[in-house]
Every structure is written in structure tokens, then in C-alpha cells.
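Trainee: The following block contains the structure, expressed as C-alpha cells.
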Amino acid sequence: MAQFRVCPDSGFYFDKNAESLMKANAVAGAVFLLIAGLLGLGVILTRWQEVHLLPADVFYQVLTGHGINALIFWIIFFEIAILYFASSTLLRTRLAAPRWAWLGFALMIIGALMNNIAVLQGNSSVMMTSYAPMQAAPHFYLGLILFAVGALIGCMVFFGTLVIAKEDRTYEGSVPLVTFGAITAAIIAVFTIASGAIILIPTFLWSIGYVGHIDAAMYRVIWWGMGHSSQQINVAAHVSVWYLLVGVLFGARPMSEKVSRMAFLLYILFLQLACAHHVLVDPGLSAEFKVFNTSYAMYLAVLASMIHGLTVPGSMEVAQRQKGLTKGMFEWLRKAPWGNPVFSGFFLSLVIFGFLGGITGVVMGTEQINLIIHNTIYVPAHFHATVAVGTTLAFMALTYLLIPVLFRRQTFLPWMAKWQPYVFSAGMTLMILFMLGAGTLGVSRRHWDMDFTGAMLAFEYPGTAYTMMAVAGIGGVLGVLGGVMYLVVTVGSLLFGKKLDESAGLLQGFGVPLAPSSYTVEQPERLPMAPKLAVEEHGSAGFEAPGTFVLAMFLLVCFVVYYFINWDYLASVWPLS
Amino acid sequence: MSQEETVTPQDDLPRPERVPFFQRLLDNPFLLLFLGVVMPTVFYIMWGIMEIATLPVAP
Ligand code: HEM
Ligand SMILES: [Cu+2]
């Protein structure tokens, strides 16, 4: 019985089991994104002081749910789908141990529901970081643990699939770069989940009374072994998605396989160590620990992201120039398919991740200037640029590609899909920029009341801080609107999109396989070795993507100016002259 | 699995005789996995735990 189908539009091969699992995981992710987005609306409408929507206890409850559903459940479900895609589909092989994969999926669903129930019941408003000695209900931790076990099973299935592909020789040479990026993500995931287990299992035992005491400082160190590494999974995953999308959209090939793979290797070796920037101002850790882990290790990791940020648009530019779009510096970019949400989503994700997320990340990771903005709303602003736009928007762009290819439906309301990346990123950018500003003025994160009503030690923020939070509020509402548009398009496509395969019915949208007659391929042809790219051959002839080079220099200038401003600001906070 | 398996030819693919070290490293996901777990475990988790654990307890 044939096990594979080939997508007539894209040429991708889908193993029947892997296909079902990808669908189920992607849809589950979208459901949790919906929950996260609605809660996010509550959060931002409360931080907008003139609206101040929720009472204090509900605010912290909603903030907890928002962080966990967005950062953990949405992103990781979607990443599991990506792992299956990058192994099974890209290597043209069957998925290893599909039953285990379903077990993992079930555990993730149970864990996610359990955790949400705990938060909903109201005794677990401990924020996603759940710092001890704050204590949540036992099923809050248990839910996270089950979810993590499920995700770990997903990673194992991924590694198993790599082994099968190698044994069956379904590809020539090395794995494709996108798969290599997924390997990077899965490796970091294993470390992430291990750290999570080291800290969450004792914390769970503490919540049911088996363990007497959890040391607060120890908790923070180990928790961030999980908390930051999971962000590196996201970076590795969405960079892989970028490479995939430029390949599909432009037929672009990596400018240099070697350089890109070395950059992923830097993630494997160093990016995880950036965990330490979360404990930069913690007492109890030595300067050596902080300096090694946040400076040396982190800069190598940042270097890796800059390489990807250069080679992804660079490879697109090379491909476009080969098609004859050679006029001036930027014709390749001007004539890009801006109306295609797969492209606009990808490109906006790249730009906002690089300019807003990257620059603020380096500023925050610098111990001295970190002190100006530590624990302010600047921090959520930074990571909304990285995860809420960088990762989330890249995944949204990938979804638009997958609706026809994987789900075999035409996009529902294409005009809405066309606008969605713009609305979402405009809203988020507005929110991010003004939260960065407010944070620089000292506005706290995770803080219900900027007015400090009735507080013993009150503080008065300048009026601009209020204005900035209000503009951020408007941006946030617009961002939520963009999120809603994404869900209308995706859910609408699964329900009402024109069928591209007769058997792509309602249940097929959620993981049921298509009719047996759709699977016509016994064993896909072997994936040929990628031809060497022209660029790699005459390597010394200069950089082949001048437009990208100019953009990179612009980024550098922005960074230097902003870095200077922050140091200058630090000097004025503590008059040193 | 059916008999048709032979559609994937098992013939040997041309491979350079001496694969460079980095190529072998990059082509071995399990070696990478090992490195990717050991590096942060040693430099972050173990080092961090040691420092916290050796803090003197407040009297
Ligand atoms: C769609 C619109 C969104 C809005 C309006 C929004 C708004 C916010 C705001 C204002 C905060 C900070 C609250 C505070 O510290 O007082 C916050 C926190 C957070 N957001 Fe979002 N967000 C959105 C989407 C996302 C997405 C897509 C992600 C992740 C993929 C995300 C992840 C987080 C996390 C992890 C926190 C930190 C929670 C904590 O401090 O424990 N958000 N969000
Ligand atoms: Cu971090």
C-alpha cells in the first residue's frame, strides 16, 4: 500500500503518518495561539492605564495564561509540526514510530489543558516563570511536565526519522540546510527539556509537600536553563523556516552551505549560554560566570544570528538577480511578491527580528546597560520583537504556504491573508517601540498599577510614560486584530476553503488522512545532492548581494547609535563625569 | 513494507575518500546532540549550581 503522496503544486512528498501528525500539531498550536491572543488583549488593555481593564488578581492570572499559551504551547506545537516536516517531508522518508508521536501529542494536549485549568482556577497566577517561593497548584507543574515529556517524545521521533532516512538512503550527501536547522532546534530542545525536568520535578514535589524547600536562587538559575534555551529553539526553528521560504518562493539556494551550517553550529555550542543574561543582576553568581556566559558565549551566538540575517536575504537577492532583477541596489527587493503573505510575513519577520529584537537584545545582554532597563516593560518589548514577531510571524507565513500544500485547501479570504502580515506587524511594532520607550523611562513589567494607588512607597512616572503606554495599547489592539485575521484565514480555509483534493474534508483538516487514492507513491525518488551554487564557486569575486550588504550596514549604524545612546543614558543616570 | 522496496537503489553513492573533520561533525546529529547538551550543562547548569551551592548560609 502506498504510503506517500506528492503534492502536485510544490513537489513535496508527504508520508501519511507524518502528514496527519503535522496537521494535528499545527492546528493545536493555532488553538493555543487563539487563547494566548485573547488573553494578550486583556493584558495590554490593562497596561494601558486609561483603560485599566482588569482588576489586579485577574490581571496576573491572565498574564500567566498569556505567557504560557503563547510562548510554550503555541510555539512548541507548531515546532513539532516543523520537526516532522523537516525530517519526513524534506528527507522524503517515512516517519519513525508514529504511535509514539501520537502518544507525545496526546501528552502535550493533556499537559497544556491541565496547566490551563490550573491557571483558570486562580491559584496559580505565578507568571510563566513560576519563581519559587511563589507556589502554584500541583497540576500547574504537572501539566508543564507532561507537556515537556510529550515534546521530548516528538524530538526522539525526529531523531529516529533521521536515522531511518540515513539507513534507507533517501537523500544524497548531507541533509538539506533546513533539516540541519531543525536538527539544531531539536538538539537545543533536548537540553531545554532536561533543564526543565531538573527544576520542575522538584518544584512539583514541593507543591505536593514531598520536598520541603526550593531555593529561590537555584530555581532561577536552572529555570532559565530551560527558559532561555527554549527561545533558542525558536530562533533555530524560525531561521530554518526563513531558509525554507526563500527556497520555495525564489528557488534561492543558501549563499554558502558551509557558512550557514557553521552559524547553526554556533547556536548549538553557544547560544544556550545566553541563559545567563536572565541572572545578570542576581546576587550569588560570580562575575566570571556572568562575563563568560553573557559576553563571550552570547556574542558568538549573536554573530550566528547576524550571519543568518545576512545570508537569508542575500540568497534571495542572488536568486532575484539571476532572474534579471539587477537594476540598482534594490530592484530585487522592490519587485518581490509583496502581496503574497508567505513572502511579506517572512520578510517582516526577518526585519523586525533583526532590527528591533536583535538590537535590543544586545543592549539588554550588556551587563551595565542592562541595569537601566532591568525588569521594565522594555523586556517584554524586546521579546515580542523576537518571539511574537520573529518566530510567530515566520510560522504564520509558513502556514500560508502549508494551507494548499499540506491541508489541500485554497486560502480562504485571500485579501485578508494578504493584509494580515502588515496589520499584525504594524500593530506589534507600534506596541514594541512604545513599550521600549516606556521601559527606558522605568515603567515596570508585570505591574498592574502604574499609579501606585495607595502604595506606601509610591513613585510618579512622567506623563510621557503614560502616553507611551497608551500608544502601545493601541498597537497591541491592532496586533490582536492581526492575530484574529490569521485565525479567520486559517480556520476559514480548513472549513470553507476550496478543496484542492476531493477528499480534503473537515476531519482531514485536523489530521485524518486523505482518501487512499491520494497516496500514490510507494517510495519517493531519492533526494539528489544539491548542486553547488555559482556564488560558492567564484567566492572571492566579492559579495554577490550588494543590496543586502547595504541593509546590513544600515543595521550596524542603527545598532551603534542606539548602543551609544544607552551608554550615554547610563552615564546620566549615575553621573560619572 | 512491500517487495517494491528496490525502487530505492542501494548502490553506493560517490563519496570523497577522506571526509573533512568539520563535514563529519556536521553530518553526525548525535555527536552534535552530545556537544549541544554537554556545553551548556557544564558551563551554565553545573557552574551555576556550584556557585549557588557554595554560598555561605546567612547566620
Ligand atoms: C497579539 C498580540 C499580543 C499582545 C497585545 C501582547 C501583549 C503583551 C503585554 C503588554 C505583555 C507585558 C505585560 C507586563 O509585563 O505587564 C505581554 C507579556 C508576554 N507576552 Fe505578549 N502579547 C501579544 C502576543 C504575544 C505572542 C505572540 C507571544 C509569544 C509567542 C507573547 C508572549 C508573551 C510573554 C512570554 C509574556 C511575558 C509574560 C510574563 O511576564 O510572565 N505575546 N504580552
Ligand atoms: Cu533570554
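Trainee: Scan segment A:325-357 for residues that are open to solvent by 40 Å² or more (accessible area, probe 1.4 Å) and among the aliphatic types (A, V, I, L, M) and jot them down.
Mentor: A:M329, A:V351 - these are the residues of segment A:325-357 that are open to solvent by 40 Å² or more (accessible area, probe 1.4 Å) and among the aliphatic types (A, V, I, L, M).
Trainee: Test A:L265 against the criterion of being closer than 15 Å to A:M306 by Cα, more than 16 Å from ligand 2 (Cβ to nearest atom), part of a helix (DSSP H, G or I) and open to solvent by less than 20 Å² (accessible area, probe 1.4 Å), and give yes or no.
Mentor: Working: closer than 15 Å to A:M306 by Cα: yes; more than 16 Å from ligand 2 (Cβ to nearest atom): yes; part of a helix (DSSP H, G or I): yes; open to solvent by less than 20 Å² (accessible area, probe 1.4 Å): yes.
When the stated conditions are applied, A:L265 passes them.
Trainee: Same structure, new question: In segment A:44-72, how many residues are within 10 Å of ligand 1 (Cβ to nearest atom) and either in contact (Cβ under 8 Å) with a residue 60 or more places away in the chain or in contact with a Gly (Cβ under 7 Å, 6 or more places away or on another chain) (or both)? Don't jump to the end; show me each part of the working.
Mentor: Our first condition is that a residue be within 10 Å of ligand 1 (Cβ to nearest atom); within segment A:44-72, this holds for A:44-48, A:59-60, A:62-72.
In the following step, the residues that additionally are either in contact (Cβ under 8 Å) with a residue 60 or more places away in the chain or in contact with a Gly (Cβ under 7 Å, 6 or more places away or on another chain) (or both) were identified as A:44-48, A:59-60, A:62-64, A:66-68, A:70-72.
Counting residues in segment A:44-72 that are within 10 Å of ligand 1 (Cβ to nearest atom) and either in contact (Cβ under 8 Å) with a residue 60 or more places away in the chain or in contact with a Gly (Cβ under 7 Å, 6 or more places away or on another chain) (or both) gives 16.
Trainee: In segment A:71-97, what residues are part of a helix (DSSP H, G or I), open to solvent by 10 Å² or more (accessible area, probe 1.4 Å) and either within 16 Å of ligand 2 (Cβ to nearest atom) or at positive phi (or both)?
Mentor: If the condition is that a residue be part of a helix (DSSP H, G or I), open to solvent by 10 Å² or more (accessible area, probe 1.4 Å) and either within 16 Å of ligand 2 (Cβ to nearest atom) or at positive phi (or both), then A:L71, A:I72 are the ones that fit.
Trainee: Could you go through segment A:344-356 and let me know if any residue there is of a type in the set (S, T, N, Q) and within 16 Å of ligand 1 (Cβ to nearest atom). Let's see the steps before the verdict.
Mentor: Taking segment A:344-356 first, the residues of a type in the set (S, T, N, Q) are A:344, A:349.
Within this subset, residues satisfying the condition of being within 16 Å of ligand 1 (Cβ to nearest atom) are A:349.
Taking every residue of segment A:344-356 in turn, at least one turns out to be of a type in the set (S, T, N, Q) and within 16 Å of ligand 1 (Cβ to nearest atom).
Trainee: Only one of these is at pLDDT 90 or above, more than 16 Å from ligand 1 (Cβ to nearest atom), more than 26 Å from the chain's Cα centre (by Cα) and hydrophobic (A, V, I, L, M, F, W, C): A:L441, A:L507. Name it.
Mentor: Working: A:L441 fails: more than 16 Å from ligand 1 (Cβ to nearest atom).
On inspection, the qualifying residue turns out to be A:L507.
Trainee: OK, next. Just to be sure, is A:P421 out of contact with any Asp or Glu (no Cβ under 7 Å at 6 or more places or on another chain) and closer than 30 Å to A:W567 by Cα? Even if it seems obvious, please write down each step before you answer.
Mentor: Details: out of contact with any Asp or Glu (no Cβ under 7 Å at 6 or more places or on another chain): yes; closer than 30 Å to A:W567 by Cα: no.
So A:P421 fails the test.
Trainee: In the set A:A381, A:A438, which member is within 16 Å of ligand 2 (Cβ to nearest atom), open to solvent by less than 10 Å² (accessible area, probe 1.4 Å) and either away from every other protein chain (no Cβ under 14 Å) or of a type in the set (D, E) (or both)?
Mentor: Of the residues listed, the single one that is within 16 Å of ligand 2 (Cβ to nearest atom), open to solvent by less than 10 Å² (accessible area, probe 1.4 Å) and either away from every other protein chain (no Cβ under 14 Å) or of a type in the set (D, E) (or both) is A:A381.
Trainee: The conditions are (1) closer than 23 Å to A:L402 by Cβ; (2) surrounded by fewer than 16 Cβ atoms within 10 Å (Cβ to Cβ); (3) at pLDDT 95 or above, and A:T467 fails exactly one of them. Which is it?
Mentor: (1)
Trainee: If A:S517 meets every condition in (1) more than 15 Å from ligand 1 (Cβ to nearest atom); (2) part of a helix (DSSP H, G or I); (3) buried (at least 19 other Cβ atoms within 10 Å of the Cβ) apart from one, which number is that one?
Mentor: (3)
Trainee: Taking segment A:268-327 only, how many residues are within 20 Å of A:G365 (Cβ to Cβ), away from chain B (no Cβ under 14 Å) and not aliphatic (A, V, I, L, M)?
Mentor: 4
Trainee: In addition: Pull up segment A:7-49, narrow it to residues that are outside any helix (DSSP H, G or I) and open to solvent by 10 Å² or more (accessible area, probe 1.4 Å), then point me to the one that is farthest from ligand 2 (Cβ to nearest atom). Break it down into steps so the answer makes sense when it comes.
Mentor: Here is the first cut: in segment A:7-49, the ones outside any helix (DSSP H, G or I) are A:7-15, A:48-49.
Adding the requirement that they be open to solvent by 10 Å² or more (accessible area, probe 1.4 Å) leaves A:8-13, A:48-49.
On the way: A:P8: 43, A:D9: 39, A:S10: 35, A:G11: 38, A:F12: 34, A:Y13: 37, A:W48: 26, A:Q49: 28 Å.
Residue satisfying both the conditions and the ranking: A:P8.
Trainee: Moving on. Return a yes/no flag: does segment A:446-457 have any residue that is closer than 30 Å to A:G354 by Cβ, within 14 Å of ligand 1 (Cβ to nearest atom) and open to solvent by 20 Å² or more (accessible area, probe 1.4 Å). Before the answer, list the steps.
Mentor: Residues of segment A:446-457 that are closer than 30 Å to A:G354 by Cβ, as a first pass: A:446-447.
Those left that are additionally within 14 Å of ligand 1 (Cβ to nearest atom): A:446-447.
Checking the rest, the ones that are also open to solvent by 20 Å² or more (accessible area, probe 1.4 Å) come to A:446-447.
The answer is yes, given that some residue of segment A:446-457 is closer than 30 Å to A:G354 by Cβ, within 14 Å of ligand 1 (Cβ to nearest atom) and open to solvent by 20 Å² or more (accessible area, probe 1.4 Å).
Trainee: Considering only segment A:50-70, state which residues are within 16 Å of ligand 2 (Cβ to nearest atom) and touching a helix residue (DSSP H, G or I) at 6+ places or on another chain (Cβ under 6 Å). Outline the logic, then answer.
Mentor: Just the residues of segment A:50-70 that are within 16 Å of ligand 2 (Cβ to nearest atom), to begin with: A:67, A:70.
The one that is within 16 Å of ligand 2 (Cβ to nearest atom) and touching a helix residue (DSSP H, G or I) at 6+ places or on another chain (Cβ under 6 Å): A:A70.
Trainee: While we're on this one: Within segment A:55-87, restricting attention to residues that are over 19 Å from A:I403 (Cβ atoms) and small (G, A, S), which residue is nearest to the chain's Cα centre (by Cα)?
Mentor: A:A70
Trainee: In the list A:A151, A:A194, which residue meets the criterion of being within 10 Å of chain B (Cβ to nearest Cβ) and either in contact with a Ser or Thr (Cβ under 7 Å, 6 or more places away or on another chain) or among the small types (G, A, S) (or both)?
Mentor: Numbers: A:A151 fails: within 10 Å of chain B (Cβ to nearest Cβ).
So the residue among A:A151, A:A194 that is within 10 Å of chain B (Cβ to nearest Cβ) and either in contact with a Ser or Thr (Cβ under 7 Å, 6 or more places away or on another chain) or among the small types (G, A, S) (or both) is A:A194.
Trainee: Determine whether A:V291 is over 30 Å from A:M316 (Cβ atoms), hydrophobic (A, V, I, L, M, F, W, C) and within 13 Å of ligand 2 (Cβ to nearest atom). Before the answer, list the steps.
Mentor: On the way: over 30 Å from A:M316 (Cβ atoms): yes; hydrophobic (A, V, I, L, M, F, W, C): yes; within 13 Å of ligand 2 (Cβ to nearest atom): no.
When the stated conditions are applied, A:V291 does not pass them.
Trainee: Every residue in segment A:228-262 that is open to solvent by less than 10 Å² (accessible area, probe 1.4 Å) and charged (D, E, K, R), please.
Mentor: Once the filter is applied, which keeps residues that are open to solvent by less than 10 Å² (accessible area, probe 1.4 Å) and charged (D, E, K, R), segment A:228-262 yields nothing.
Trainee: A:S286 passes all but one of (1) open to solvent by 20 Å² or more (accessible area, probe 1.4 Å); (2) in contact (Cβ under 8 Å) with a residue 12 or more places away in the chain; (3) within 14 Å of B:Y44 (Cβ to Cβ); which number fails?
Mentor: The single condition A:S286 does not satisfy is (2).
Trainee: Check every one of the helices (runs of 4 or more DSSP H) wholly within segment A:339-392 and list those with 1 or more residues that are at pLDDT below 95. If you could, list the steps in order and put the result at the bottom.
Mentor: Numbers: elements: A:341-352, A:359-365, A:367-373, A:378-383.
Ranges flagged: A:359-365, A:367-373.
Trainee: Could you list, in sequence order, all residues of segment A:200-222 that are assigned to a helix (DSSP H, G or I), buried (at least 17 other Cβ atoms within 10 Å of the Cβ), more than 11 Å from chain B (Cβ to nearest Cβ) and in contact (Cβ under 8 Å) with a residue 24 or more places away in the chain?
Mentor: Within segment A:200-222, A:L200, A:T203, A:F204, A:W206, A:S207 meet the criteria.
Trainee: Given the condition open to solvent by 10 Å² or more (accessible area, probe 1.4 Å) and outside any helix (DSSP H, G or I), answer yes or no: does some residue in segment A:291-309 qualify?
Mentor: No: segment A:291-309 contains no residue that is open to solvent by 10 Å² or more (accessible area, probe 1.4 Å) and outside any helix (DSSP H, G or I).
Trainee: Just one of A:Y219, A:Y267, A:Y243 is of a type in the set (S, T, Y), out of contact with any Gly (no Cβ under 7 Å at 6 or more places or on another chain) and under 19 Å from A:A185 (Cα atoms); which is it?
Mentor: On the way: A:Y219 fails: under 19 Å from A:A185 (Cα atoms); A:Y243 fails: out of contact with any Gly (no Cβ under 7 Å at 6 or more places or on another chain).
Going through A:Y219, A:Y267, A:Y243 in turn, just one is of a type in the set (S, T, Y), out of contact with any Gly (no Cβ under 7 Å at 6 or more places or on another chain) and under 19 Å from A:A185 (Cα atoms): A:Y267.
Trainee: Could we say that A:R408 is away from chain B (no Cβ under 14 Å) and away from ligand 1 (no atom under 14 Å from the Cβ) here? So that I can check it myself, show each step before the final result.
Mentor: Values: away from chain B (no Cβ under 14 Å): yes; away from ligand 1 (no atom under 14 Å from the Cβ): yes.
Yes.
Trainee: Also, I was wondering about something else. Any idea which of A:R253, A:R220 is among the charged types (D, E, K, R) and either within 19 Å of A:A132 (Cα to Cα) or within 15 Å of ligand 2 (Cβ to nearest atom) (or both)? Before you say what the answer is, go through the steps one by one.
Mentor: Numbers: A:R253 fails: either within 19 Å of A:A132 (Cα to Cα) or within 15 Å of ligand 2 (Cβ to nearest atom) (or both).
Every option except A:R220 fails the conditions.
The values are calculated or read from the model by the stated rules, or taken from the named source; none is laboratory data. It should be emphasised that the depicted structure is a prediction, and the values quoted were computed from it without experimental measurement. We place every Cβ from the backbone using ideal geometry, glycine too, and count neighbours over all the protein chains shown. SASA here: full protein model, heavy atoms, side chains in, ligands and nucleic acids out. Shrake-Rupley method; radii C 1.70, N 1.55, O 1.52, S 1.80 Å.
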